[in-house]
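For reference, the structure is listed below as structure tokens.
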Amino acid sequence: MAELTTPISEGEIEKLRAGDVVYLNGLLVVARDKAHARLLELLSRGQPPPIELKGLAVYHAGPVAVKVDGWRILSMGPTTSSRFEAKAVELAHKAGVRLIIGKGGLNPEATSRLRQAKAIYASYPGGVGALPAKSVIKVVKVEWLDLGLPEALWLVEVRRFGPLLISVDLHGGDLYLEVKRKVEENRLRILGLGPRRQP
Amino acid sequence: MIEESLLVDVVTRLIKRSATTLPSDVKDALKRALDEEGEELAKRQLEAIVENVEVAEREQLPVCQDTGLICLYVDLDPSICDPLAVERAAVKAARRATQEVPLRPNVVHPLTRHNTGDNVGLGQPYVEYSFNREGYVKLTVLLKGAGSENMTKLSMLPPLAGLEGIVRFVVDSVVEAGGAPCPPLVLGVGVGGVAEEALRLAKASLLRPIGRRGGCEEAAKLEALLLEAVNSTGLGCMGLGGRVTALDVHVELAYCHTASLPVAIAFQCWALRRASAKLTSKGEVTWLS
């Protein structure tokens, strides 16, 4: 079973193809809408972010967590990437993120911008919250709690976090686009056999 | 009369159970989907989903981090239970469960987006009533995440569109939604009524166990037709391709105006989180799965 360990090099990203399944070891940044906005704000002012992102994976998620002694993540399923896709891709350009993990994929423009940053996109199954929480060995850091628990910036250490489905690779592979084409063909066939006219 | 404090306890426990433990009909449907799925990537995701459900139940963790909005369906005999007590109990239970489970605080003001922090606000939790004279109160909690709820559709079709029009509307809506509502789905389809009745029926049909057919022959036939059509799209698990796009389709009907054909679609992600309990006037509680 293919495993990736952070920091991830460009060469390792180069080798992966849409449709591959990998598991991640090492450091994982967990962030969603507001943390992305604040990270980019800092970077645009030339200030260093509280977490060094180079070679890391950013996971689009807002965890459920509790603090007893240290922080413990209870549930950490993916959120919809398209809500902040432009920011996510910008972060890959400006901070050297190599792997974006989320759900639902990116639009074609964001996808091509992502490839220019030599970064790829992997999907984690939506709603799967308890399983990734079990892959978290420890919470290394949490910043910006003023944004609320789910919107804060988390850095966690993971072991065998996955299955991550590579859905956008550097070589033009895009699973979402592929499926979309097939589904559209099927839709026309289904509606052609059944309903004959548009209401 | 049933004590308010008992209602609070029962609803709190139902919220906790629905957040962490899927009902057996849903678990069985997911395992069946894994057996029937032919596509490799869909299989890998369904395996993760089934494992996730097991881990969540064993360790009492939220199945999904979006613990949703709390919807409480109440079927009560007014001679043994005061609806106002249920109303107050729902609010108290939402606050308690938010702390104890814990739930993610999801409830915000619609315009200022201020988060109340306790999953309570005007109209939240959502409570819906029906009434009986059988000497019991049945409480059902449904936790509804935003990913699937955001895909909700209503169309006032022209009556002549008929069955074909309904199939087309449902297939187009499922294809348009793609992976966003987290398929494999359970689709609730409300046909007829006034507009909001169609929506209410669509949502409430999600309480019916997976595999149980609609109340009349026409509804059952439409369910089979829609399930076949949706599962021929090839959209699959998470919209990444596969045979199983829907675990089931539930149709509920209501009579409507001769000039209307309202059709509403409630999208439910695979994490169909519901739990029920029945209470008697003596305060005996039966937990239903």
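Distances between placed amide hydrogens fall under 5 Å for A:Asp20 paired with A:Ile166, all partners being 5 or more residues away or on another chain.
Could you check what % of the DSSP bridge pairs in chain A are antiparallel, to the nearest 5?
60
Debye-formula intensities of the stretch A:2-174, expressed as log10 I(q)/I(0) at q = 0.15, 0.18 Å⁻¹, are -0.75, -1.12 (one equal scatterer per alpha-carbon, no solvent). With a simple spin-label model that places each label point 7 Å from the Cα along the Cα-to-Cβ direction, the separation between B:Glu3 and B:Glu47 comes to 5.1 nm.
Placing +1 on the Cβ of every Lys and Arg and -1 on the Cβ of every Asp and Glu, with nothing else charged, gives the stretch B:128-287 a dipole about its Cα centre of roughly 560 debye.
Using a 10 Å cut-off around each Cβ, can you sort B:Glu87, B:Glu252, B:Glu100 from fewest to most neighbouring Cβ atoms? Walk me through the intermediate numbers first.
Working: B:Glu87 16, B:Glu252 26, B:Glu100 13.
Taking fewest neighbouring Cβ atoms as first place, the list is B:Glu100, B:Glu87, B:Glu252.
Amide H contacts of A:Glu3: A:Tyr23, each under 5 Å away and 5 or more positions distant or on a separate chain (H built 1.01 Å from N in the peptide plane; Pro and chain starts excluded). In this structure the amide hydrogen of B:Leu185, modeled in the peptide plane, comes within under 5 Å of the amide hydrogens of B:Ala246, B:Leu247, none closer than 5 places in sequence on its chain. Axis of helix B:24-36 versus longest Cα principal axis of chain B: the two differ by about 20°, to the nearest ten degrees. Our summary gives chain B a relative contact order of 26 percent, counting only alpha carbon pairs under 8 angstrom and 6 or more residues apart. The ranking of B:Met151, B:Met156 by Cβ neighbour count inside 10 Å, starting from the fewest, reads B:Met156, B:Met151. Per-residue ellipticity at 222 nm computed for the protein assembly as shown from its helices equals -11500 deg cm²/dmol, with DSSP H segments shorter than 4 residues left out and the rest contributing -39,500 (n - 2.57). What the pair-distance distribution of the protein assembly as shown shows, using all Cα-Cα distances binned every 20 Å from zero, is 24, 54, 21, 1 percent. Evaluated over the Cα positions of chain B, the convex hull gives a direction-averaged projected area, one quarter of its surface, of 15.3 nm².
Counting only alpha carbon atoms, the long axis of helix B:217-230 and the longest principal axis of chain B meet at about 60°. Peptide B:178-184 has a mean of 5 when you count, residue by residue, the C-beta atoms of other protein chains within 10 Å of its C-beta. Among B:Val120, B:Val137, A:Val140, the order by Cβ neighbours within 10 angstrom, fewest to most, reads A:Val140, B:Val120, B:Val137.
Which percentage, to the nearest 5, of the DSSP beta bridges contained in the protein assembly as shown is antiparallel? Working shown, then result.
Working: 57 of 87 bridges.
The antiparallel proportion sits near 65 percent.
A simple rule links phi to the HN-Hα coupling: the Karplus curve 6.51 cos²θ - 1.76 cosθ + 1.60 with θ = phi - 60°, which for the stretch B:247-264 gives 7, 6, 10, 10, 10, 10, 10, 9, 5, 9, 5, 4, 9, 10, 9, x, 10, 10 Hz, with x for Gly and Pro. Sequence-ordered 3J(HN,Hα) estimates for the stretch A:147-156 from the Karplus curve with 6.51, -1.76 and 1.60 and θ = phi - 60° stand at 7, x, 3, x, 8, 5, 9, 10, 10, 10 Hz, glycine and proline given as x.
Per-residue shielding of A:72-84, expressed as the average number of other chain Cβ atoms within 10 Å of the residue Cβ, stands at 4. Sequentially through the stretch B:76-84, phi angles give Karplus couplings (6.51, -1.76, 1.60; θ = phi - 60°) of 10, 8, x, 7, 10, 8, 8, x, 5 Hz, Gly and Pro residues having no value and appearing as x.
Relative contact order, whole percent, for chain A stands at 28, derived from Cα pairs under 8 Å and 6 or more residues apart.
Where both partners of a DSSP beta bridge lie in chain B, what percent of those bridges are antiparallel, to the nearest 5?
Once the DSSP bridges in chain B are tallied, antiparallel ones form about 70 percent.
Laboratory data are not the source of any read-out in this text; all were calculated from the coordinates shown. Because the structure is predicted, anything quoted here is derived from the model rather than measured. Cβ sites come from the backbone with ideal geometry, for glycine too, and all protein chains shown count toward neighbours.
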